[in-house]
Amino acid sequence: MKSSHSRFQTAIANARKHYPIYILVLPALAFFIVFKYFPMYGIQLAFREFRLYTPYHQMPWLGLEKFTALVAEPEFWSAFRNTVIISLYQLLFGFPVPVLLALLFSEIRFHGIQRFTQTVLTFPHFLSWVILSGVFFNVLGSSGFLNNLLEVMKLPRQNFLMNPKTFRSLLVLTNVWKEAGWDSIIYIAAIMGVDTEMYEAAAMDGAGRIRQSLHITLPSIMGIVVVMFILRVGNILNYNFQQVFMLYSAPVYGVADVIETYIYRITFAKAPDYSFSTAVGVFKGVIDMFLLLFANTVAKRLGYRGIY
Amino acid sequence: MNTAAQTRSWRSQKATWGDVLIAAALLSASLLVLFPIYNLLVISLTTEVAVIRTPVILFPAPFSLDSYWAVFRNPLVMNGILVTFLIMAVGVPYSLFLSTSMAFGLTKNIPGMKLAAILLIVTLYFSGGLIPYYLLMKKLGLINNVLAMILPYGASVFDIIILRNFFLSIPKEMEESATMDGAGDIMVYARILLPMSTPILVTIGLFIAVAYWNEWWNCLLFISDSRKQSLQYVLRSILMEVNQLQAVGDDTTGRILYSEGIKSAVVLVTALPVVILYPFLQKYFVRGLSSGALKF
Amino acid sequence: MKRSIACVLFLFLAFGTGFAAGKTETASAQSRKVTISMNILNTSLDYEKDDVYRFVKEKFNVDFKFYQYSSSDWKEKVQIWIASGDMPKAMAWDFKAYDMPQYTQWVKQGAIRALPTDLGKYPNVKNNILDKMTTDDLLTVDGKRYALPRIRDYYYLPGEELEYVWEAGHMMYRRDWAKKLGLYKPNDVYTWDEAMAMAKAFMQKDPGNNGAGKTIGYGMVDWGLGQGFAGVVQNYPDYVGYREGYFKVNGKYEWSAGQPGMIDGIKAFRKIADDGTLWKDQPIAKGNAALDRYYAGEVGLCMQYWNIGRVMGARQKMIAVLGLNVEQARDATALMHIQMKNGSLFALPVEDYWSVLVFSPKMDDVEMDRFLQVANWSASTEGCLSVKYGPKGKGWDYVGNTPKALLAVNPGTRAFIYPDSIVAGWGTFLPITSDDSILNGRLEVARQELKVYEDTDAFSNLYKGNLKGNKPFDNYTRFFSGPNFNKYGNFASDVNAKVLEIVYGGKVPADRIEKAWTDWVASKMPQVQLVLDELNAGIKK
């Protein structure tokens, strides 16, 4: 088709035409270069042995030593597996909830109730897991609220938080409890912009409210839903340290130890090994980024707008 | 939020059974959320003895404001509120500008933008670490400077991606008609794009505001002057102080302070303002509706 | 104890009751105003209002600049400060014995400066702090001191004995319940088996009328579970070694986790976990949850690092929550002795230090001298008291030969009321501090009314007379530094994780514990042997 030469020329012409954009994005680019890329040299710590008072490039070279140490550790892989499983649970069960909530919020006609519930459901986002662990302990512990309820109903007491079979589900459920309201905000904003004419047209065609939701609202916000999903996929290896750390315990280490908690445990009571923790960060980063780009490509193939 | 309900004016205004069902579902979800929070509220308003007796306490008897007193008696709490308001006032426009400008740039298919996108995504997953960051801030002269709590926030790649997505859904006709009238790119950005994106701008603005409200990490790293401490940092220090109290239990000033009470009070003080503000922001979620079709 | 040291360093610097340390200083050096920067826990307080702070500033011609840190970011900030060259002149560091490799590294790399070799000018520092502490010697590198350890004390005033022996993980128990069930033994001395049987009986028979299934037999503070289930530790001396990691068997160092006593300990632990004696929620209970249950009257035995302040707190809380009188409270908060198989009573000594002060290489000799002058003053009796109560004559004074606080007392709690001119919470980083529970206003309450001192003295005395079977601290291994040792430490977290897995993992049947453990030890032995070789090679004599 077009020769590469003329494509190049078009590109230049394009750039000339839109030169104000380059000026516009300059401050943001400057920000990223200064605050993100200037310190980026620190990444080489994953390949060098940390020495105080030495410039990074003079620290002893280790090559892939830290990485091989990491992947040789069976406990690490166990943590890796747990992280992936829990994140997948979260994606499967936790991801749709905020979308559903946003739909419900947009459908309800009682304004008072809508405002009230929306505000209330946003609240837990601001509570830290430190304090929530105490709350959930009171609710889910063996002498907690839920068990007291079970007792009243003549059902056997359960130890939810210490049961390896239920713990992962608990992680997802409590996380949904905490974040669904806040996460729904973005979808609500998206629904706001959906053109009402489409609803009118659909109603005239005889579509009921549910069908309207499913066939108009949902597809209209699919773009942002997909974008959020892709971003979540890129975060699979970063499952929330705080939550797991605060809620897990010896009986469930096997199923709940995630990468971050694993790192925390092995670096405790020793001199901090910066090289090692940097190596873990690089390892995760590579995989995370690959997952993100993969998800993005898939989304684009399916016809959605990706993240770039 | 003034959405579909009001704008679908042609529909009957009568509530249907569907509405009642939805309301019931939402209300039960709210109850589920409210209950533990209410528990926290009660703990913050009562005494240690009461809480030891009944951990899942439902009524603040005896009533006591000692936990809140412990939080607010510290002059740095009020000071911290001012500092935090300051960094929000400066930071929100700062970050909004950086995010929206970059997002706008990324919507254009001009040379360099694809590369920029990749570079941005890389920063999501790779970072140089704490010590290079500290040294950079030192070089920039931001040690013990209030700006240290603002500048590093800049634009979040997450926000940029979302904004770009929303910008792309604004119909090209808007832009094209403006360009035909002689508007340059910057005009399009300022006069067309931004005003039409109010719901998403308010949303991202809220995210950014909350991030600044929660700021304590940069304060910890860089601020040594107590007058410049952010609210969250001060509240955290109070919590740490109280945790040390726990061992002996009593405060020497005569009030009995206990860590559960203070923790609850701190948490509520932290969360409440944002939650109170949020309903007021909801009305902005309506304006900016265009008459054209917006497909996200 | 830690909480009362919140800003000791600051406080410490703030006082100056005129110890004439400046005599040998040349006039010009002393007249130079010195600014000392240091990190403290709470920079939010307005120290300018404090009488003693102002007094010290004037007296010693110093000014202070504070770097903020909090206990959760202490380690990180210390690392960043040193790495960036921005450390405060006097930096408090939460030094633990396992930080020894880091310490030696910093010394070698010149990251911290030495204290003057001759401390004759600062007799209080020398006599009241350094000479009393074994840690001081351990921190000496090539004959020089690079850190000032902060002395841990409970009964401490200069001239008094350090009484730290009994602050170990101990049991507090419901003597009243024991009496009710006919299980009480004189002097509160029990063997481990008797104690656990008692806990189980408490759980099953509910002498406290809490309702079926609501009484907890044995509970502990949350770290107790991870750190070696101290109750078990008390019965199996070899198990003590687990805490240490390595101890000498026939003159050579062995890995404690590999010793036979360890398996017995694990089995005992598993037993109490399985049969319900140990609180079911113990693995997920956070912080002091067990203590709160104890105060609510639901727990029979409770393990914690008890000291005077905490015992008093427990007594007061139970009086408030359960409506007991003092005698009942004493019975409800009795301290239990566990008698080991060799007849002696168990006690795990506590380190004699809590955190240290290290100094920036940018601190010059004049600044160091000034700092030590202030330290010297604070290490005197008067310094200690002034730090806590205010200037002599205003906050405290001698009545006859004993110091008495002059502050007003809150009639309700009997705690002292501090005027605004005493900014509370003097810091931890003073090399010396005096514990709240010793000299605070509730001293009278503790002593006379709640009889805490009577009980803790009795407890302490009985222990001190029965320590022959106990293993002392092995400072050699704690303060050791070597390449493999630094890399692996004492494998504490691995051991911990494995023990918890065996007990709670649900995968190892009770009769296969021994095999599971020996197999695991064998798998770790190659790495352990590397460390053992280092340790054994380094033994002198």
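The values are calculated or read from the model by the stated rules, or taken from the named source; none is laboratory data. As the structure is a prediction and not an experimental result, all values here were calculated from the model. Counting neighbours? That spans all protein chains shown, and the Cβs are built from the backbone with ideal geometry, glycine included.
For segment B:141-160, the tally of residues that are facing chain A (nearest Cβ under 8 Å) and either surrounded by fewer than 18 Cβ atoms within 10 Å (Cβ to Cβ) or out of contact with any helix residue (DSSP H, G or I) (no Cβ under 6 Å at 6 or more places or on another chain) (or both) stands at 2. Of all the listed residues (B:GLY105, B:GLY141), the sole one being under 30 Å from A:GLY234 (Cβ atoms) and not hydrophobic (A, V, I, L, M, F, W, C) is B:GLY105. Only one of the listed residues (A:SER78, A:SER106, A:SER87) is among the hydroxyl-bearing types (Ser, Thr, Tyr), at negative phi and more than 23 Å from the chain's Cα centre (by Cα). That residue is A:SER106.
Scanning segment A:40-70 for residues that are more than 27 Å from the chain's Cα centre (by Cα), within 16 Å of B:LEU136 (Cα to Cα) and of a type in the set (Phe, Trp, Tyr), we see that the one that is nearest to the other protein chains (Cβ to nearest Cβ) is A:TYR53. Checked against the criterion of being touching a helix residue (DSSP H, G or I) at 6+ places or on another chain (Cβ under 7 Å), within 14 Å of chain B (Cβ to nearest Cβ) and either crowded, with 16+ Cβ neighbours inside 10 Å or not small (Gly, Ala, Ser) (or both), the candidates A:LEU161, A:LEU101 yield just one match: A:LEU101. Annotation: B:LEU206 fulfils all but one of (1) closer than 20 Å to B:LEU272 by Cβ; (2) more than 9 Å from every other protein chain (Cβ to nearest Cβ); (3) touching a residue at least 40 places away in the same chain (Cβ under 8 Å); the unmet one is (2). Scanning segment C:47-97 for residues that are touching a Lys or Arg at 6+ places or on another chain (Cβ under 9 Å), assigned to a helix (DSSP H, G or I), under 22 Å from C:TYR146 (Cβ atoms) and without any contact (Cβ under 8 Å) to a residue 12 or more places away in the chain yields one hit, C:SER84.
Picking from residues in segment B:159-216 that are under 17 Å from the mean Cα position of the chain (by Cα) and small (Gly, Ala, Ser), the one that is nearest to A:MET192 (Cα to Cα) is B:GLY205. Figure legend. Inter-residue proximity from segment C:98-117: first residues over 17 Å from C:GLY143 (Cβ atoms) and at the interface with another protein chain (Cβ under 10 Å from one of its Cβ atoms), second residues modelled with pLDDT of 85 or more and part of a helix (DSSP H, G or I), beta-carbon distance below 6 Å, spacing 6+ or different chains. Indicated pairs: C:ALA111/C:ILE82.
From the list A:PHE290, A:PHE241, A:PHE245, exactly one residue is aromatic (Phe, Trp, Tyr), without any contact (Cβ under 8 Å) to a residue 24 or more places away in the chain and closer than 26 Å to A:LEU140 by Cα. Which is it?
So the residue among A:PHE290, A:PHE241, A:PHE245 that is aromatic (Phe, Trp, Tyr), without any contact (Cβ under 8 Å) to a residue 24 or more places away in the chain and closer than 26 Å to A:LEU140 by Cα is A:PHE241.
Here B:ASP185 meets the list (1) out of contact with any helix residue (DSSP H, G or I) (no Cβ under 8 Å at 6 or more places or on another chain); (2) closer than 26 Å to A:VAL227 by Cα; (3) charged (D, E, K, R) almost entirely, failing just condition (1). Could you say which residue among A:TYR264, A:TYR253, A:TYR199 is in contact with a helix residue (DSSP H, G or I) (Cβ under 6 Å, 6 or more places away or on another chain) and either of a type in the set (Phe, Trp, Tyr) or outside any helix (DSSP H, G or I) (or both)? Only one candidate passes the filter, namely A:TYR199. Does segment A:226-245 include one or more residues that are surrounded by 19 or more Cβ atoms within 10 Å (Cβ to Cβ), more than 18 Å from A:ALA189 (Cα to Cα) and within 14 Å of chain C (Cβ to nearest Cβ)? Scanning segment A:226-245 turns up at least one residue that is surrounded by 19 or more Cβ atoms within 10 Å (Cβ to Cβ), more than 18 Å from A:ALA189 (Cα to Cα) and within 14 Å of chain C (Cβ to nearest Cβ). Output the residue which, of all residues in segment A:32-51 that are out of contact with any helix residue (DSSP H, G or I) (no Cβ under 6 Å at 6 or more places or on another chain) and more than 18 Å from A:GLY285 (Cβ to Cβ), is modelled with the lowest pLDDT. The qualifying residue modelled with the lowest pLDDT is A:ARG51. Residue count for segment C:11-41 under the criterion of being in a loop (DSSP other than H, G, I, E, B) and modelled with pLDDT under 65: the result is 8.
Candidates A:SER143, A:SER106, A:SER133: the one that is over 29 Å from B:TRP17 (Cα atoms), among the hydroxyl-bearing types (Ser, Thr, Tyr) and either part of a helix (DSSP H, G or I) or at pLDDT 85 or above (or both) is A:SER133. Considering segment B:28-61, the residues that are without any contact (Cβ under 8 Å) to a residue 60 or more places away in the chain and touching a Ser or Thr at 6+ places or on another chain (Cβ under 6 Å) include one that is farthest from the other protein chains (Cβ to nearest Cβ), namely B:PRO60. Here B:ILE223, B:ILE186 are screened, and the one residue that is buried (at least 22 other Cβ atoms within 10 Å of the Cβ) and aliphatic (A, V, I, L, M) is B:ILE223. Only a single item in (1) of a type in the set (A, V, I, L, M); (2) more than 10 Å from chain B (Cβ to nearest Cβ); (3) in a helix (DSSP H, G or I) is not met by A:ALA207, and it is number (3). Only one entry of B:ASN109, B:ASN79 meets the criterion of being within 10 Å of chain A (Cβ to nearest Cβ) and either within 30 Å of B:MET196 (Cα to Cα) or in contact (Cβ under 8 Å) with a residue 40 or more places away in the chain (or both), and that entry is B:ASN109.
Identify, by number, the condition in (1) in a loop (DSSP other than H, G, I, E, B); (2) at pLDDT 85 or above that B:VAL56 doesn't meet. With (1) in a loop (DSSP other than H, G, I, E, B); (2) at pLDDT 85 or above applied to B:VAL56, the lone miss is (2).
I want to confirm something. Restricting to segment B:111-158 and keeping residues that are in a helix (DSSP H, G or I) and among the β-branched types (Val, Ile, Thr), which single residue is nearest to the chain's Cα centre (by Cα)? By that ranking, first place goes to B:VAL157.
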